[in-house]
1. Against the definition (of a type in the set (G, A, S), modelled with pLDDT under 75, under 30 Å from E24 (Cβ atoms) and surrounded by fewer than 10 Cβ atoms within 10 Å (Cβ to Cβ)), how does S99 come out, yes or no?
2. Restricted to the stretch 35-52, and to residues that are of a type in the set (G, A, S) and farther than 13 Å from I79 by Cα, which residue is most open to solvent (accessible area, probe 1.4 Å)?
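The values are calculated or read from the model by the stated rules, or taken from the named source; none is laboratory data. Every value quoted in this text rests on a predicted model; they were computed, and no experiment measured them. Cβ sites come from the backbone with ideal geometry, for glycine too, and all protein chains shown count toward neighbours. Surface areas here come from the heavy atoms of the whole protein model, side chains and all, with no ligands, DNA or RNA. Shrake-Rupley method; radii C 1.70, N 1.55, O 1.52, S 1.80 Å.
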Amino acid sequence: MPLTVTLGLDKQTKMVTVCVGTIELSTLVTAKSAYLSAFKYFVIANSIAAVFAAKFLILSLASKGKKVAGIAAALDIIIVALLYSAIRAAARSWYAWVSGERSPALDESVQCV
């Protein structure tokens, strides 16, 4: 759950400088992990899993029946598949970002001529 909250609220701010002719324009740009659909999916899937786990924990403690255990086991398989696909989507997006080509000009200061 802490990872879900962190990904949901995470943001990064960077100063970006652009040259238009001989004029240098600088602005702060904010990027949030929520802008990427794979991370949105990851946060939503983890939230669903947390709510499911809490509900079935309370239900299983309250009922003490074997029918609840069977239903919980079947739904656990579905939740595991949901979490697995969310983790794969987030990891694939992260890998694409890490292995992508970066322009050296983005890491250096801009000099207008």
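1. no
2. Pass one, the stretch 35-52, residues of a type in the set (G, A, S): 37-38, 45, 47, 49-50.
When the remaining residues are screened for being farther than 13 Å from I79 by Cα, the result is 37-38.
Working: S37: 87, A38: 12 Å².
Taking the candidates together, the pick is S37.
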